[in-house]
Amino acid sequence: MRTGAEYLASLKDSRRVYVDGVAVDDVAHHPAFAPIAQTVAELFDLAADPSSGMTVRDGDRTVNRLFTTPRSRDDLAAFRSAATTWAEHTHGWVGRSPDHVAAFVAAFAAHPEAFSDDLAANVVAYRERVLAENLYVSYAIIPPQVSRATTASAWDGDFVQVGVAEERADGIVVRGAQMLATGGAVADEILVSCIKPLGPEDRDFAISFAVPVGADGLKLLCRRPYAPAASSRYDYPLTSRFDETDALLVFDDVFIPWERVFVYRDIAGLRRQFFETGAHVLGNWQAQIRFAVKLRFLAGLARKVAAVNGVDRFPGVVEKLGELASLTSLVESAVLAAEHTAEPDAQGMWRPGARALYGVMGLQAELYPRVLAILRDLVGGGVLQVPSSVADMTSPETRPDIDRYVHSPGVPAEERVKLFKLVWDAIGSEFAGRHHQYEMFYAGAPFVAKGYAFRNYGFEQAVASVDSFLGSYEL
Ligand SMILES: Cc1cc2nc3c(=O)[nH]c(=O)nc-3n(C[C@H](O)[C@H](O)[C@H](O)COP(=O)(O)OP(=O)(O)OC[C@H]3O[C@@H](n4cnc5c(N)ncnc54)[C@H](O)[C@@H]3O)c2cc1C
């Protein structure tokens, strides 16, 4: 099993990751990326530790359970348990830990029939590499946000969305950009594809391939990183560890050998890749397992804050905490319901139940902001009645005042400030704002997520119920 140290050492390669107009020399040691790289290294160490229960025998080797294909209900339960272990390490604050895209790749490879005859073996071989080498694969599957009124073939300029610029005997040359790869800067590889529906004129953009982050011609243009501004772990406990980074991918004629190409100029093939393989349902089940862990953390924060402020017995506050408990248990329950309603598909992969999974995903864009709103309501101005930084906590000029005025019954200043700074990093910092956007959009815009819920609910049963009732009485 790959260790965290091996992962960190592998990041020193030819990758071109840009911040403030300059290519970063060594992401593992750059203030923007070192913290998240360290967190990912911890995840690899955790998986490699036999006591974590995350490994499974695969023939004569031991592999990470999260990189395997669930072949039974027990496998799904073990997958959930392992995904929970990883998510709990970050308390759900890392959305694109390596298990997310690994689940997509495992489902792809379990369904070679969903790929064209000449490319199916590539998918199977790639999944074997991901499993054997414990690769951290990120993905970029959304076209740049140029205009959503049309698709790429109607945009001004050639190859704004990444597409095939040249076909060669040994592979393809791709050119253009793809919208966003969370974690891409510290990943090993990126899966590049397009999940948005394309039109008949878009065949050049109907591709799927895996590319090493250090590939010649690939550039990652990162949004402003938040970690460097996190003055200390005490002041920004989440930002200082879990800032995953998001990057626009730019392909300046990147050569992709055929063995890394999974879908080629095949619009229907893209849909089969994501949906017929069950990849979308399995990968998004992992995402909900992670989301449930994060909501539990936020519910715990609210409960603690209410107790510290001495308001937790007020009926109005109990009601708010009750709503948080309801919202959290809704997601926890949907994770279990999807597992409970799972069924094997024709290839023997156990798919979490789509009705339960997409049902809760369809609500996420409202549910997460509601959780934040309740937490904001409960903390009041306490998140701003905190010293500017740890320096105030050690300065003899300020510390006595903080001790005297910023405490609660049984909770000394140092503990109270620590708690409220954590809450601010969860609801109010730039990191928190990005998380708000992430939870609303990571699985597609809200209308897209609700579309999945609509298509997978099984309205036939609901309509039949109404028809049967209507048929039971006459004029
Ligand atoms: C923090 C963050 C991290 C991300 N990480 C990744 C990643 O790792 N990999 C990846 O591939 N992608 C990632 N994404 C991108 C994400 O997949 C997209 O944001 C998502 O698919 C929505 O697309 P969009 O942002 O272009 O929104 P748009 O499609 O432009 O939609 C924006 C809004 O416009 C309106 N709208 C647009 N079209 C319609 C329509 N047809 N009908 C009705 N209303 C419409 C809706 O109000 C919609 O919410 C990330 C996004 C965020 C915010």
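I need the calculated FRET efficiency for the pair Phe255 and Glu414, taking r as the beta carbon distance and R₀ as 56 Å, to the nearest 0.05.
0.50
Please give, to one decimal in nm, the separation of the simple spin-label points placed at Ser72 and Gln347, each 7 Å out from Cα toward the Cβ.
Between Ser72 and Gln347, the label points sit 2.1 nm apart.
Take the Cα gyration tensor of region 276-373, multiply each eigenvalue by 5, square-root it, and list the three semi-axes largest first, rounded to whole angstrom.
Computed over region 276-373, the values are 33, 11, 10 Å.
Pop a pseudo-label 7 angstrom from the Cα along the beta-carbon direction at both His340 and Tyr234 and give the gap in nm to one decimal.
Distance between the two pseudo-spin positions: 4.7 nm.
Let me have the relative contact order for region 363-475, percent, based on Cα pairs under 8 Å that are six or more residues apart.
Reported relative contact order: 29 percent.
Ranked by accessible surface with a 1.4 Å probe, highest first, in what order do Phe159, Phe431 come?
From most exposed to least exposed: Phe159, Phe431.
Report the accessible area of Thr182, computed with a 1.4 Å probe over the heavy atoms of all protein chains in place, in Å² rounded to the nearest 10.
So the heavy atoms of Thr182 present about 10 Å² to solvent.
Report the one residue of Leu8, Pro112, Phe79 whose Cα lies farthest in the direction of the positive end of the charge dipole of the chain (charges on C-beta: Lys and Arg +1, Asp and Glu -1; origin at the Cα centre).
Phe79
Calculate, for Tyr405 and Arg303, the FRET efficiency according to 1/(1 + (r/R0)^6) with r their C-beta to C-beta distance and R0 22 Å; round to the nearest 0.05.
0.35
Which value does Rg/Rh take for region 277-463 over its C-alpha atoms, Rh per Kirkwood?
1.10
Over the Cα atoms of region 204-323, each weighted equally, I'd like the Debye log10 I(q)/I(0) at q = 0.13, 0.21 Å⁻¹, rounded to two decimals.
Values returned for q = 0.13, 0.21 Å⁻¹ are -0.86, -1.23.
Where Rh denotes the Kirkwood radius from the mean inverse Cα pair distance, what is Rg over Rh for region 220-281?
The Rg/Rh ratio comes out at 1.21.
Counting Lys and Arg as +1 and Asp and Glu as -1, each charge on the Cβ, what is the dipole of the chain about the Cα centre in debye, to the nearest 20?
1040 debye
Dipole of the chain (Lys/Arg Cβ +1, Asp/Glu Cβ -1, origin at the Cα centre): which of Gly382, Asn309, Met179 lies farthest to the positive side?
Positive-end residue among those listed: Asn309.
From the protein chains alone at 1.4 Å, what is the descending order of accessible area for Asp243, Asp13, Asp60, largest first?
Greatest to least solvent exposure: Asp60, Asp13, Asp243.
Ignoring trypsin sites (Lys or Arg not before Pro) that are buried or in helix or strand per DSSP, and keeping those with at most 10 other beta carbon atoms within 10 Å, what is the longest stretch of the chain between them?
By the stated rule (loop sites, at most 10 other Cβ atoms within 10 Å), 149-312.
Let me have the relative contact order for the chain, percent, based on Cα pairs under 8 Å that are six or more residues apart.
Relative contact order for the chain comes out at 16 percent.
Based on alpha-carbon centroids, what's the gap between region 16-30 and region 73-108 in Å, whole number please?
Here the two parts' Cα centres lie 28 Å apart.
Ignoring ligands, DNA and RNA, what accessible area per residue does the chain give at 1.4 Å, in Å²?
Per-residue accessible area for the chain comes out at 42 Å².
Tally up the carbon and sulfur contribution to the accessible surface of the chain as a whole percent, 1.4 Å probe, everything protein left in place.
55 percent
Can you figure out the FRET efficiency of Asp25 with Glu133, using R₀ = 25 Å and their beta-carbon distance, to the nearest 0.05?
Efficiency at R0 = 25 Å is approximately 0.55.
Restricting to DSSP H runs of at least four residues, report the calculated mean residue ellipticity at 222 nm for the chain, -39500 (n - 2.57) per run over all residues, nearest 500 deg cm²/dmol.
-14500 deg cm²/dmol
List the residues whose amide H sits under 5 Å from the amide H of Gln161, counting only those 5 or more places along or on another chain, with H placed 1.01 Å from N in the peptide plane.
Counting only residues 5 or more places away or on other chains, the set is Ala177.
Using each residue's phi in region 40-45, evaluate 6.51 cos²θ - 1.76 cosθ + 1.60 at θ = phi - 60° and report the 3J(HN,Hα) Karplus result to the nearest Hz, with x for Gly and Pro.
Result, ordered by residue: 5, 4, 4, 5, 5, 5 Hz.
In nm, to one decimal, how far is the modelled label at Ser333 from the one at Ser153, with both set 7 Å along Cα→Cβ?
4.6 nm
Using only Cα atoms, what Kirkwood radius does region 366-442 have, in angstroms?
In region 366-442 this quantity evaluates to 13.6 Å.
So if the hydrodynamic radius of the chain is defined as the Kirkwood radius over C-alpha pairs, what does Stokes-Einstein give as its diffusion coefficient at 20 °C and 1.002 mPa s, in µm² per second?
Roughly 90 µm²/s, to the nearest whole number.
Would you give the gap between the C-alpha center of region 123-144 and the C-alpha center of region 180-250, rounded to a whole Å?
Distance between centres, Cα-based: 14 Å.
Per the Kirkwood formula on distinct C-alpha pairs, the Rh of region 1-118 is how many angstrom?
16.0 Å
Any idea what the relative contact order of region 277-463 is, in percent, if you count C-alpha pairs under 8 Å spaced at least 6 apart?
26 percent
The values are calculated or read from the model by the stated rules, or taken from the named source; none is laboratory data. Everything numeric here is computed off the predicted structure, so don't read it as measured data. Counting neighbours? That spans all protein chains shown, and the Cβs are built from the backbone with ideal geometry, glycine included. Surface areas here come from the heavy atoms of the whole protein model, side chains and all, with no ligands, DNA or RNA. Shrake-Rupley method; radii C 1.70, N 1.55, O 1.52, S 1.80 Å.
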